[in-house]
């Protein structure tokens with residue numbers, strides 16, 4: 001084919017310059033990749049879930065205020081002991097002492113809370129006496145008995161320090177606000193494991209421990225399983241392409257695209273400092289998604305080249321014909337996919353904006369490589385014209401004719417079947433639930449899940465709700481409001497305990513009244529409350545209250561600890577508490593925050609972002625396709641199967657009981673990113689072949705032309721079913737759903753879309 005036969009001057013210019021200067025066409029993309037790769041040095045990995053929430057969100061602003069006033073509320077729990085053995089022993093308290101002192105000497109630790117650091121409030125001749133609950137490392141049995149007695153008389157304190165069974169001691173480690181959770185987790189675990197005897201069970205938990213562990217686990221998991229997936233992909237491609245060089249070329253497109261995307265993220269952090277370009281749990285699926293898209297570009301080009309070689313037996317002419325056929329559809333698929341991801345700019349989670357921009361850069365580079373580097377490298381290779389890759393069809397090619405014949409003869413039946421399946425998907429959507437239950441992310445029996453379950457069952461739980469209150473914390477009315485609020489909180493079966501400055505006031509009041517339990521109440525007179533705090537300051541440190549009240553006693557913090565809850569339970573309790581605090585009369589203002597609220601708001605934002613992304617993607621893809629092909633019908637042909645695929649996949653999740661989370665919600669990106677590629681390649685070839693093929697043979701010709709690369713692309717990407725073996729359940733779901741998405745989008749293109757085109761071919765023909 002000569003340049004005069006090609007209608008578009010830009011396409012002709014690219015083909016001529018690449019084939020005339022193949023070494024330059026290879027060198028320039030490689031040099032660009034290497035330069036962009038330097039940006040990886042500036043890549044920032046962030047595990048802060050709070051950073052995902054907009055800074056203007058009420059719960060985020062409350063969270064920031066609490067952190068500023070009371071220090072970090074994201075803590076790490078250490079629980080140790082043995083089933084069937086009491087912790088009230090000299091050995092246990094000696095180890096508790098050693099562990100506490102070691103943690104207090106760590107620069108990253110702001111505060112340690114446990115029996116060793118708790119101040120004891122007692123009555124001495126009508127006066128308040130403040131002393132250390134654990135006065136020394138080595139204790140006598142009588143001293144231990146006194147500690148036990150004190151804890152029994154102060155159940156609120158005991159719940160936080162000792163398990164209900166008296167078999168485990170609990171330590172709460174509070175890091176400084178700006179310490180990364182993964183660093184904090186490593187430090188605490190290292191100290192805990194080194195001090196505690198092998199004779200003791202050790203369990204770690206708390207929000208800082210979980211948020212510090214989960215992102216690292218996901219990244220490590222995906223890194224390992226990606227290697228497995230890539231290995232399987234290489235085997236699938238090798239079996240079908242039957243040429244090592246071809247497989248290497250496809251992988252070179254993939255790897256260079258990934259390097260450019262990661263490097264771009266780093267460069268943007270270096271240049272702008274924006275958190276939008278941090279690598280977080282939200283965009284942990286980016287490498288997999290870009291990999292599938294880059295693989296599609298390479299597979300389509302290589303398979304088309306081999307098909308042309310079978311006919312032309314000339315490398316340069318085959319490369320030229322391949323470029324002439326595929327440059328436009330690859331450009332259009334890249335453009336529409338980029339538009340789909342850039343639609344994430346409208347999402348409320350700011351990291352998703354960076355996600356959309358960065359993956360779009362990777363997609364653009366994949367197109368650049370497929371248009372220059374790949375054809376140039378193929379053109380320089382000395383190909384064996386007698387090789388199996390050139391002379392014989394592959395395994396999948398032999399299956400393609402089946403689709404063509406079936407669709408050509410039964411378009412109405414296929415379309416009807418597609419509508420039926422889509423209807424089932426719509427029904428499944430009704431059962432789709434959103435859940436980010438942290439415990440359910442891990443399989444039963446794993447070490448991490450066991451620790452979470454242990455903290456939930458034996459101790460105070462791993463989740464927190466914080467209520468920030470403004471007003472005089474010495475005013476009896478305010479304090480009684482706090483007491484009532486705590487009652488509301490503890491009425492929920494998932495809440496294990498709560499504490500506030502009101503608990504301290506009640507305890508002090510009881511102590512000065514000869515330790516009479518009837519006086520464990522809030523005094524009616526503010527002067528009496530003032531006197532209680534004054535008496536405490538004579539022998540105690542007012543800093544003991546720093547986690548509950550500010551220095552001016554004008555802001556108080558109520559903390560409730562709970563077991564891990566489902567998203568449904570979280571929404572219920574948070575909504576209830578927000579409604580309750582909204583009706584408080586004696587406080588200036590009140591706001592609810594904590595990890596439970598963060599999860600609730602994150603759920604809302606994930607759902608909102610997913611809906612925005614899907615809707616905007618479909619609209620943009622429809623518009624771009626309609627404008628490019630100059631017919632609205634083609635735009636509709638592209639988005640209808642795409643929309644059906646999204647419905648079917650999310651409907652399947654609903655029917656299978658798979659919950660929508662911040663990980664699985666991004667499945668839509670995979671469906672749209674891959675599905676639009678398949679659809680546009682089909683439409684492009686349909687338009688091209690409609691000019692030269694007989695009407696009766698058109699659908700069969702199109703499927704035989706594009707069916708093989710679509711099936712091969714889908715089959716090779718299904719290798720990421722390796723993610724099913726992840727220890728992290730959302731990643732398992734992502735792997736399984738990717739396999740399902742590949743099957744549904746590829747088969748859907750070659751059946752549902754093909755059937756629509758067959759029925760409308762007289763109206764759609766370009767002849």
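The values are calculated or read from the model by the stated rules, or taken from the named source; none is laboratory data. All values reported here derive from a predicted model rather than from experimental measurement. Neighbour counts run over all protein chains shown; Cβ positions are idealised from the backbone, glycine included.
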(message) Test of understanding: among 632, 577, 570, 648, which residue is touching a residue at least 24 places away in the same chain (Cβ under 8 Å) and more than 20 Å from residue 66 (Cβ to Cβ)?
(response) 648
(message) Of all residues being surrounded by fewer than 22 Cβ atoms within 10 Å (Cβ to Cβ) and closer than 16 Å to residue 451 by Cα in the range 173-189, which is nearest to the chain's Cα centre (by Cα)? Just the residue, please.
(response) 186
(request) Kindly indicate the residue of the range 544-581 that is over 23 Å from residue 505 (Cα atoms) and surrounded by fewer than 16 Cβ atoms within 10 Å (Cβ to Cβ) and also farthest from the chain's Cα centre (by Cα) among those meeting that condition. (result) 579
(request) Give just the number: which of (1) part of a helix (DSSP H, G or I); (2) modelled with pLDDT under 80; (3) in contact with a helix residue (DSSP H, G or I) (Cβ under 8 Å, 6 or more places away or on another chain) does residue 604 not satisfy? (result) (3)
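Just wondering, is there one or more residues in the range 275-292 that are farther than 27 Å from residue 607 by Cβ and within 18 Å of the chain's Cα centre (by Cα)? Can you show your working first?
The initial filter retains those residues of the range 275-292 that are farther than 27 Å from residue 607 by Cβ, namely none.
No, the range 275-292 contains no residue that is farther than 27 Å from residue 607 by Cβ and within 18 Å of the chain's Cα centre (by Cα).
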(message) Against the conditions (1) in a helix (DSSP H, G or I); (2) touching a helix residue (DSSP H, G or I) at 6+ places or on another chain (Cβ under 7 Å); (3) surrounded by fewer than 24 Cβ atoms within 10 Å (Cβ to Cβ), where does residue 720 fall short? Just the number, please.
(response) (3)
(request) Need at least 2 residues that are within 27 Å of residue 447 (Cβ to Cβ) per element, so show me which helices (runs of 4 or more DSSP H) inside the range 81-190 make the cut, counting only ones lying wholly within it. (result) 90-104, 155-161
(message) Suppose we filter the range 460-481 for residues that are under 19 Å from residue 531 (Cβ atoms) and surrounded by 18 or more Cβ atoms within 10 Å (Cβ to Cβ); how many remain?
(response) 6
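Looking at 554, 498, 591, which is the one that is modelled with pLDDT under 90 and within 29 Å of residue 72 (Cβ to Cβ)?
On the way: 554 fails: modelled with pLDDT under 90; 498 fails: modelled with pLDDT under 90.
It is 591.
So, in the range 652-697, how many residues would count as being within 22 Å of residue 642 (Cα to Cα) and part of a helix (DSSP H, G or I)? Write out each step before concluding.
To start, the set of residues in the range 652-697 that are within 22 Å of residue 642 (Cα to Cα) comprises 652-656, 658-688.
With part of a helix (DSSP H, G or I) added as a condition, the list becomes 652-656, 664-688.
Total meeting the criteria: 30.
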(message) Against the definition (under 16 Å from residue 756 (Cβ atoms), assigned by TED's automatic domain parsing to the domain that holds residue 745 and surrounded by 24 or more Cβ atoms within 10 Å (Cβ to Cβ)), how does residue 667 come out, yes or no?
(response) no
(message) Please count how many residues of the range 615-647 are buried (at least 24 other Cβ atoms within 10 Å of the Cβ) and over 22 Å from residue 344 (Cα atoms).
(response) 1
(message) So, residue 584, is that one in a loop (DSSP other than H, G, I, E, B) and buried (at least 16 other Cβ atoms within 10 Å of the Cβ) or not?
(response) yes
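Taking the range 433-483 as the search range and keeping residues that are assigned to a strand (DSSP E or B) and within 30 Å of residue 658 (Cβ to Cβ), which one is modelled with the highest pLDDT?
Looking only at the range 433-483, we keep the residues that are assigned to a strand (DSSP E or B), and these are 434, 442, 463-470.
Within this subset, residues satisfying the condition of being within 30 Å of residue 658 (Cβ to Cβ) are 434, 442, 463-465.
Numbers: 434: 78, 442: 75, 463: 83, 464: 86, 465: 89.
Per the stated criteria, the residue is 465.
In the range 195-230, which residues are free of Cβ contacts under 8 Å to residues at least 60 places away in the same chain and part of a helix (DSSP H, G or I)?
Residues of the range 195-230 that are free of Cβ contacts under 8 Å to residues at least 60 places away in the same chain, as a first pass: 198, 220, 223-224, 227.
Across the range 195-230, the qualifying residues are 220, 223, 224, 227.
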(request) Could you tell me whether the range 446-469 includes any residue that is free of Cβ contacts under 8 Å to residues at least 12 places away in the same chain and farther than 15 Å from residue 563 by Cβ? (result) yes
